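A short worksheet on the structure shown next.
The values are calculated or read from the model by the stated rules, or taken from the named source; none is laboratory data. Keep in mind that this is a model prediction, so the values were computed, not measured. Note: ideal-geometry Cβ built from the backbone for every residue, glycine included; neighbour counts use all protein chains shown.
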Amino acid sequence: MSAAPLVLFVDDDESIRLSTAQALDLAGLSCRTFAAAEDVLAHARPGLNGVVMTDIRMPGMDGMTLLARLREIDPELPVILVTGHAEVQLAVDAMRRGAYDFIEKPFAMQDLVVTLRRAMEHRALVMENRRLRAVAGQQDDVEVRLPGRSSVVIELRRQLRALGPSEADALIIGPTGSGKEVVARALHDLSPRASRPFVAVNCAALPAQMVESELFGHEAGAFPGALRPRFGRFEHARGGTVLLDEIGSMPLDLQPRLLRVLQDRVVTRLGSNEVTPLDVRFIATSKVDLADLVARGQFREDLYWRLAVAHLMIPPLSERREDIPLLFLQLVREAAARHGRPDRAPPPELLADLTAQPWPGNVRELRNAAERWALGLDWMGTGDGGAAPGRLADRVATFERSVIAAAIAANGGRLKPVYESLGVSRKTLYEKMQKHGLDRHLLSDPEPFEG
C-alpha cells in the first residue's frame, strides 16, 4: 500500500507552523514543517507523493526562489504560495512561472484544506500517469533519474522498479561518482516508506570513538559528557530507510552489533539493557566488492550475506559510453535551469569528444563538465583522447560508433542532418548504424534539447 500524501510546509514563523500543522492533522492530512526554504529541498525529491506549501516572504531563500528550485527537481510538483494582501500580484506572477495555486493570509483553514486536497488529487494523477508510461515502456521518474539506453542501465532500471516497492534490504556496488546514492534514493522513493525519513550514514566518516553513540544512541550517563538521552541515527529513521554509505569502512568490532540490528530489527542504546523495535529498511553501498573484503578477512561473511538480499551493480561510465550524449544533454539542461542561464546546445563534435573520454570520476565528473558548459565555459577534457586500449581496428570502431551515436542524439534522431554533418551518404550511414547496432529511436532524447 502506498504512503499517504504529505504536505511540506515552509514558514519562518513558528506559531504559524505549529497551528497550521495541528489543523491539518485534525483534517487528516500528514504535514511536515520547515523553518527555512533551504531545509525543504532535501525532502522535495522527484516522485514525492505530496505537495509543497510555502510563505513568499522569508529571510534567506524566499518562496519565489524556492519555487524555481523545486521546478528544477520536479516540474510537476504542486507548489502553493502563502501570500499577504499586498503580494497577490506577485503570486499571480508565480503561477505564470509554474506555481499550482496561492492562498491569501489570513486564510480560513477549510479553504486551505480544499486547496491542498485538490493539489494532492492533481499530484496523484501525475504519478499515476508516470506509472502507466513506465508500464508502456515510456519515460518515467526512474528514467529521469537514471537516463540512458545501454542494456546495463535498462536492466538497472528494471531491477529498481521491481525491488523498490518491496521491503527487501539492498546492497549497491559501483565506483565512486557512479550514482549509488541516486539509486538508493530511488529505491526509497519507490517504496511505501517514501514519506518517511531517508537517513544517510557515511560509514567512512564516523569518528571511531563516537560511532556506537551515533548509530545506536545512548542513555544519560552512558559515558562522560552524556548528559541526556539521545536517539541514534537508526532510531531517527523509524518508518523510513537507512543508507549505510561505504559499508566496507565500518569497523570490524562494530559489525556484529549491526548484524543483530539487521537480523532482529531491534536497537539497544549505549548504557541501556532495553531493546527498542526498529522499523527501517537498510540499503548499503560500496565502491569495492564486499566479497573481496570478506575473502581478505576485512568484512564479516554473515553480515555480507544479510546485506546482499538484493544486489545492484552500477557500471562505470566507460562501460556505457552510448549513454553519455543523452546524460550530458540532461545534465546541461538541469545546470542551465539551476543557474538561470539559457540552454546552450552542445555541438555534435563536443558530444563525440565527450563520448570518447575515459571519465574516471564517472557521472560526478560528467556533471562538472555539464556545469561548466552551461555557465558558458569550455568543458575540461581528461586529456587522453578517450580511445579504449586495444587493437587499432577496435579503437577506430569504438570512436566511429561514438561519433555516430553522438550525432544522432544531438539531432534528436533525425538522420538527414546526421549524414550531412558527417559527410557520408544516407546509405553509408544506415550501413554503419547496422554495423554498430545503433537505433536512432533509442538514442534520441525523449525531451529534445532546445538550443
Working only within region 236-265, note down all residues that are at pLDDT 90 or above and acidic (Asp, Glu). Asp245, Glu246, Asp264
Is it fair to say Pro316 is modelled with pLDDT of 90 or more and over 29 Å from Arg260 (Cβ atoms)? yes
Considering (1) charged (D, E, K, R); (2) modelled with pLDDT of 90 or more; (3) under 24 Å from the mean Cα position of the chain (by Cα), say which one Glu322 fails and leave the rest. (2)
Between a residue in region 276-287 that is closer than 11 Å to Val242 by Cβ and assigned by TED's automatic domain parsing to the domain that holds Asp169 and any residue that is assigned to a loop (DSSP other than H, G, I, E, B) and among the hydrophobic types (A, V, I, L, M, F, W, C), which pairs come within a Cβ distance under 7 Å, given they are 6 or more apart or on different chains? Val280/Ala237
Please find, within region 283-326, the residue that is surrounded by the fewest Cβ atoms within 10 Å (Cβ to Cβ) out of those that are out of contact with any Phe, Trp or Tyr (no Cβ under 8 Å at 6 or more places or on another chain) and hydroxyl-bearing (Ser, Thr, Tyr). Tyr304
Quick count over region 315-360, residues being farther than 30 Å from Leu67 by Cα and of a type in the set (A, V, I, L, M), is 6
In region 340-366, how many residues are touching a helix residue (DSSP H, G or I) at 6+ places or on another chain (Cβ under 6 Å) and more than 29 Å from Met433 (Cβ to Cβ)? 1
So which of Arg341, Arg333, Arg372, Arg364 is outside any helix (DSSP H, G or I) and outside the structural domain of Ser150 (by TED's automatic domain parsing)? Arg341
Quick one: which of Ser195, Ser178 is touching a helix residue (DSSP H, G or I) at 6+ places or on another chain (Cβ under 7 Å) and in the same structural domain as Ala291 (by TED's automatic domain parsing)? Ser178
